[in-house]
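These notes concern the structure reproduced below.
Just so it is clear, none of the values below were taken in a lab; they were calculated from the coordinates. Everything quoted here is computed from the prediction, not taken from an experiment. In this analysis, Cβ positions are derived from the backbone assuming ideal geometry, glycine residues included, and neighbour counts consider all displayed protein chains.
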Amino acid sequence: MDVERIMPGMGVRSNVGTMGAAGVTLVRDDVKVLVDTGHYGTRDWLKAELERRKVSPADIDVVVLTHLHWDHCLNVEMFPQARILLGEDELKEGFLMEPGQPQNEAFKAALREMKVETVGDGDRISSHATALLTPGHSPGHVAVALKGDDGRLTVMSGDAVPNYRAYLRGFPDISFHDRKQSEESVKKLKDLRPDLVIPGHDSPFNDGGYVERDDFTLILRRENEENSTFTFRHVPADRPIIHR
Ligand SMILES: [Zn+2]
């Protein structure tokens, strides 16, 4: 069994709007499980990352959608053969961006044409993975708990804990559904004392802090067909200078 982040998640905000960059994780267990799928804007990248690992979309047995927010689920149609798992309340009340928009029901109708199944708390996803109901950010959010044979616990927390600051603070940046439930869900995940948390929009961490930090490159296309690129990288700061 192994777990690999194949696309990092990040919180992307700009003066011209917010872009969703949800992480995607591949679990190779007795079955191949993909946790979240990203959205249409990341589809070619997802295809390339699977291909690089010699995994075809048809090889994915199970897709877990932590929730139905658009940045996590819009590539689900790449996996028509897979079992699609999500929380029961998410299938009932979940939404792409906001409740009440007509595209929510259209998307759910398309999901119901697929092999969609709802999961409850503790339901088995693969021989080492189980579902953790973690509502609040969305109505029926599920995280995925992966218990290794060595006892190590990895949690793919989706947007129940989208980033390390939410873990420290005790609630996510946005509770679309219910703030109190959001707090309870963060506490539920923390109480498991995970060895590793792979969040929806941040680099992996645990109680000791970040385990890895992702680099990101921002690309602006210029009029002369060149790109201006800006890379954000975490490097150690200079040491303090003390003259006396
Ligand atoms: Zn979300």
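Would you mind ranking 180, 54 so that the residue whose beta carbon has the fewest other beta carbons within 10 Å leads the list? Before the final figure, lay out the partial values.
Values: 180 10, 54 7.
Fewest-to-most Cβ neighbours within 10 Å comes out as 54, 180.
Estimate the FRET efficiency between residue 168 and residue 226 by the formula 1/(1 + (r/R0)^6), using the beta-carbon distance for r and 51 Å for R0, to the nearest 0.05.
Details: r = 40 Å, r/R0 = 0.79.
Calculated transfer efficiency: 0.80.
Taking a cut-off of 17 Å between Cα atoms, list the lysines near residue 190, but don't count ones fewer than 8 places away on the same chain.
In chain and number order, the partners are 147, 180.
What's the local net charge at residue 1, with K and R +1, D and E -1, over the other residues with C-beta under 12 Å away? Present the calculation step by step, with values, prior to reporting the outcome.
Numbers: positive: 28, 32, 147, 152; negative: 2, 4, 29, 30, 149, 150.
Once all neighbours under 12 Å are counted, the net charge is -2.
On a straight-distance basis, which lysines could pair with residue 92 in a cross-link, Cα separation under 17 angstrom, same-chain partners fewer than 8 positions away excluded?
Candidates past the 8-residue exclusion: 108, 115.
Dividing the convex hull volume of the Cα atoms of the stretch 1-107 by its residue count, what figure in Å³ per residue is obtained? It would help to have the intermediate numbers written out before the result.
Values: hull volume 11.6 nm³, N = 107.
With only Cα atoms used, the stretch 1-107 gives 108 Å³ per residue.
Where Lys and Arg each count +1 and Asp and Glu each count -1, what net charge lies around residue 30 among other residues with Cβ under 15 Å from its Cβ? Write out the running numbers ahead of the final one.
Working: positive: 28, 32, 83, 124, 147; negative: 2, 29, 59, 61, 149.
Cβ neighbours under 15 Å give a net charge of 0.
Averaged over all directions, how much area does the convex hull of the C-alpha atoms of the stretch 70-196 cover when projected, in nm²? List each step's numbers first, then the result.
Details: hull surface 31.2 nm².
Seen from a random direction, the Cα hull of the stretch 70-196 projects 7.8 nm² on average.
Report Rg (one decimal) and Dmax (nearest whole number) for the stretch 161-244, counting Cα atoms only, units Å.
Computed over the Cα atoms of the stretch 161-244, radius of gyration and Dmax are 18.4, 55 Å.
Please give the length that would be gained between residue 121 and residue 183 if that part of the chain were fully extended, namely 0.36 nm times their separation in residues minus their C-alpha to C-alpha distance (nm, one decimal). Don't skip to the answer; put the middle values down first.
Numbers: separation 62, 0.36 × 62 = 22.32 nm, distance 1.70 nm.
Extra length available between residue 121 and residue 183 comes to 20.6 nm.
Over the residues of the chain, compute the C-alpha Rg and express it relative to 2.2 N^0.38 Å. Each step should come with its number before you reach the end.
Numbers: Rg = 18.4 Å, N = 244, 2.2 N^0.38 = 17.8 Å.
Taking the Cα Rg and dividing by 2.2 N^0.38 Å, one obtains 1.04.
Counting only residues 5 or more places away or on other chains, whose amide H sits under 5 Å from the amide H of residue 87 once H atoms are built in the peptide plane?
Under 5 Å from the amide H of residue 87 lie the amide H atoms of 119, 142, each far enough along the sequence or on another chain.
Can you show me the helix-derived [θ] at 222 nm for the chain, built from DSSP H runs with n ≥ 4 at -39,500 (n - 2.57) apiece and divided by the number of residues, rounded to the nearest 500.
Numbers: 6 runs with 50 residues, N = 244.
Per the formula, -5500 deg cm²/dmol.
Please identify which residues in the stretch 197-217 have an amide N closer than 15 Å to a label point set 7 Å out from the Cα of residue 14, following the Cα→Cβ vector.
Answer for the stretch 197-217: 216-217.
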